[in-house]
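Report on the structure given below.
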Ligand code: UD1
Ligand code: CA
């Protein structure tokens, strides 16, 4: 259906106002490059049509890596303006009937809005449709000049406005849909602007001058219009994005105690009736189940949480929590930590590359690394898996129902059998058989545990 539309994303500008060694379109918003946002939106808008990014030499390699397979590229070797940039994409989009043109520095444009542009242009007998907005702070935007009848007459760049035109509050957002044949023939005929650039916006005057109608789609979502020219704009967009994401989750049934201090990344997903408390950051590819309670003061990055988990004042990175896990305050999970159903992890603990079985408790001051820990194990305060011998990481295994006394050092590789106990301060250098008790340094067996009936 939309196969006949191709998208061109302009991304070759120098972005000098960012004062950065990094090309503007590679600066990040919500943890992803601006270019990625623009390409995602364009891709959704043209639903299966081609997406071509016009890029400069310095950003080309990084952009190709970022978007591998998602878009193709056209190089703009000289920065001769937005019209010249668009023309560079002519070859890669040839054959398309309509061309959507957007800018990589408008990251909050929604696919729905771009689709509205395309749909309007489909019905338009004239050659182009453009997106406008009404803004009380039209800084830097081209102004939409209308004639007495209210029809579109021209776009005047801010630098070239008369004092009267400067007062116009209808601005050119910088997204357009064109009839392809008209676009390609008209682009090459545009005059050079006084600034020495070819302006895409001059196409409006050209169409109107030729007696052709220019259609307008207007957005009333002020966030969409935030273009990034400076780092100040970037911070503004960050706040706007956060508001958009947070509102979305509240509508989906998630309670946010304080949206202004809640940071939820664009790739995060949350289940209904989860509550997120103040100062909480959910980042990367994180999924959270239903009825969880996260925060306050918590960072969760690239982690998977089941239903009914509670995490207070803690940091989780690359971790997995099954249902009903309770953590914190002040707990730290590092990559490969897997806490199974009903685990309780209290304050000042760290778990890395380890599994804690269902119902296991680790209340206070412990380090567990490279360990397989069974169900219903009690890990006493101050327990440490001494997993690193200076050269390599060694594994620790603790079987179901074991009881690890306070301040036990488990010198890996080592295994503690089912229901075994270690005394307070034990330094365990050898495997501990099941149902036995070991104490001291190095730990030695003092007795078998009471054997239960029938064993
Ligand atoms: C442009 C519009 C302006 C509009 C505003 C909205 C023109 C002449 N002006 O101004 O009417 O209100 O966007 O954001 O189009 N680019 C290239 N190659 C170039 C120049 C620019 O690829 O030679 C790219 C930039 O990377 C950017 C986009 O085109 O993504 C817009 O360029 P920018 O310089 O930011 O234009 P504005 O001054 O914002
Ligand atoms: Ca811009």
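Each reported figure results from applying straightforward, stated rules to the coordinates on display, with no laboratory input. For clarity, every value in this text was computed on a predicted model and none was experimentally measured. All Cβ positions, even for glycine, are placed from backbone atoms using ideal geometry, and neighbour counts span all protein chains on display.
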In nanometres, the difference between 0.36 nm per residue of separation and the alpha-carbon distance of residue 278 and residue 222 is 17.6 nm
Residues 415, 290, 139 in order from fewest to most other beta-carbon atoms within 10 Å are 139, 290, 415
Taking the alpha-carbon centre of each part, the distance from segment 125-159 to segment 365-423 in Å is 69
Each label sits 7 Å from Cα toward the beta-carbon; between residue 189 and residue 65 the label points are separated, in nm, by 4.4
Length gained if residue 344 through residue 22 is fully extended, taking 0.36 nm per residue and subtracting the Cα-Cα distance, is 111.5 nm
Nearest 10, in degrees from 0 to 90: the angle of helix 34-46 to the longest Cα principal axis of the chain is 70
From DSSP H assignment alone, runs of 4+ in the chain each adding -39500 (n - 2.57), the sum over residues rounded to the nearest 500 puts [θ] at 222 nm at -5500 deg cm²/dmol
Whole-Å distance linking the alpha carbon centroid of segment 216-282 with that of segment 296-313 is 19
Rounded to the nearest 10, the angle in degrees between the Cα long axis of helix 231-251 and the longest principal axis of the Cα atoms of the chain comes to 70
Computed over segment 249-448, the relative contact order (Cα-Cα under 8 Å, seq sep at least six) in percent reads 9
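Compute the FRET efficiency between residue 57 and residue 290 as 1/(1 + (r/R0)^6), taking r as their Cβ-Cβ distance and R0 = 41 Å, and round to the nearest 0.05.
That gives a FRET efficiency of 0.25.
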Relative contact order in percent for segment 48-126 (Cα pairs under 8 Å, 6+ apart) equals 27
Relative contact order in percent for the chain (Cα pairs under 8 Å, 6+ apart) equals 8
Per the rule of 0.36 nm per residue minus the C-alpha distance, extending residue 424 to residue 212 adds in nm 67.6 nm
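Rank these for me by crowding, 18, 128, 441, going from fewest to most other beta carbons within 10 Å. Display every interim value, and only then the final one.
Values: 18 19, 128 27, 441 11.
So the residues, fewest neighbours to most, are 441, 18, 128.
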The distance between the Cα centres of segment 38-65 and segment 91-108, in whole Å, is 9
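Would segment 3-225 count as rounded, prolate or oblate if I go by the C-alpha gyration tensor, calling it rounded below 1.5 in a/c and otherwise prolate when a/b exceeds b/c, oblate otherwise?
Rounded shape, in that the Cα axes give a/c under 1.5.
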If one compares the long axis through the Cα atoms of helix 57-66 with the longest principal axis of the Cα atoms of the chain, the angle in degrees, nearest 10, works out at 50
Quick calc, residue 4 & residue 78: beta-carbon distance into FRET formula, R0 22 Å, rounding 0.05, result 0.10
For the residue 167, residue 269 Cβ pair and Förster radius 45 Å, calculated FRET efficiency rounded to 0.05 is 0.50
For 182, 37, 249, ascending order of other Cβ atoms within 10 Å (fewest first) is 182, 249, 37
